[in-house]
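Report on one structure; see the data block that follows.
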Amino acid sequence: MEKPQYGRVVLKISGEALAGNQGFGLEHNMLVTVARQIAEIRALGVEVCVVVGGGNLWRGIAGSAQGMDRATADYMGMLATVMNALALQDALEKAGSDTRVLSAIEMRQVAEPYIRRRAIRHMEKGRIVIFAAGTGNPYFSTDTTAALRAAEIEAEVILMAKKVDGVYDSDPVKNPQAKKFNSLSYLEVLSKGLGVMDSTATSLCMDNNIPVIVFDLTKDGNIKRVVLGESIGTYVGRDNE
């Protein structure tokens, strides 16, 4: 049996990644593919928590830019993450996984309230835990949620699943000459203003020494490759380790 490098992980999935090639909403094939990959690493004995974004349905910053109250726009974004979490839960259960959705905003008809010890207990019982509704507070991104939950549950690493294969010095879509980084320190991410995650999330990871691996979710099998320790994507850690 293949031996994973990490025993407990937080997988951060952007809403845009769940939209697949259609750019908005949820693409069924992408949901099925992601669910199968998560089920694969759970079968290896890895304890898995998932934090989902909501950018495929709504972005609080975009709503605020259009004149909406920022807190209201952010709460709408949190509700978008709940929709994505329920869709992912359905796909995971169809893939044969036992799951729980824990929401930072109470909505007991569809999800359990987030309680740290309950989340850990679910993982210990072999369930895949999906964190929804961000931190439950406006002005905080789902990147910050991933960093916060990783610290709370003592995860060994944050797996940052995106639609690009790592971190670049500029947008690789707009600049074909963009340089990809194989590894970075937290301070380099902050000083260069790189789009790994927002500064709050990066600082939280740095303070708690939680490494982050940014990789391409659209390539089938990448979640398992990262967990097994293959060198793909970009590694962010202390002092460029």
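The values are calculated or read from the model by the stated rules, or taken from the named source; none is laboratory data. All values derive from a computational prediction rather than experimental measurement. When we count neighbours, we look across all protein chains shown, and the Cβ atoms used for this are built from the backbone with ideal geometry, even at glycine.
Values for this structure:
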read-out: Filtered residue count, segment 48-62, keeping only those that are farther than 23 Å from VAL129 by Cβ and crowded, with 23+ Cβ neighbours inside 10 Å; value: 1
read-out: The listed residue being modelled with pLDDT under 95, over 24 Å from VAL46 (Cβ atoms), within 21 Å of the chain's Cα centre (by Cα) and of a type outside the set (A, V, I, L, M), out of ASP198, ASP165, ASP207; value: ASP198
read-out: Any hit, segment 21-34, residues being over 20 Å from MET83 (Cα atoms) and at pLDDT 95 or above; value: no
read-out: Verdict on ARG108 being farther than 15 Å from LYS12 by Cβ, among the basic types (Lys, Arg) and either touching a Ser or Thr at 6+ places or on another chain (Cβ under 6 Å) or in a helix (DSSP H, G or I) (or both); value: no
read-out: Scan of segment 88-105 for residues that are touching a helix residue (DSSP H, G or I) at 6+ places or on another chain (Cβ under 6 Å), in contact (Cβ under 8 Å) with a residue 60 or more places away in the chain and part of a helix (DSSP H, G or I), ordered by number; value: ALA91
read-out: Segment 2-15 - residue that is outside any loop (DSSP other than H, G, I, E, B) and modelled with pLDDT of 95 or more and, of those, farthest from TRP58 (Cα to Cα); value: ARG8
read-out: Single residue of LEU88, LEU18, LEU92, LEU44 found to be surrounded by fewer than 20 Cβ atoms within 10 Å (Cβ to Cβ), out of contact with any Phe, Trp or Tyr (no Cβ under 8 Å at 6 or more places or on another chain) and either of a type in the set (A, V, I, L, M, F, W, C) or at pLDDT 95 or above (or both); value: LEU44
read-out: Meets criteria (closer than 18 Å to PHE140 by Cα, at pLDDT 95 or above and not hydroxyl-bearing (Ser, Thr, Tyr)) for MET78; value: yes
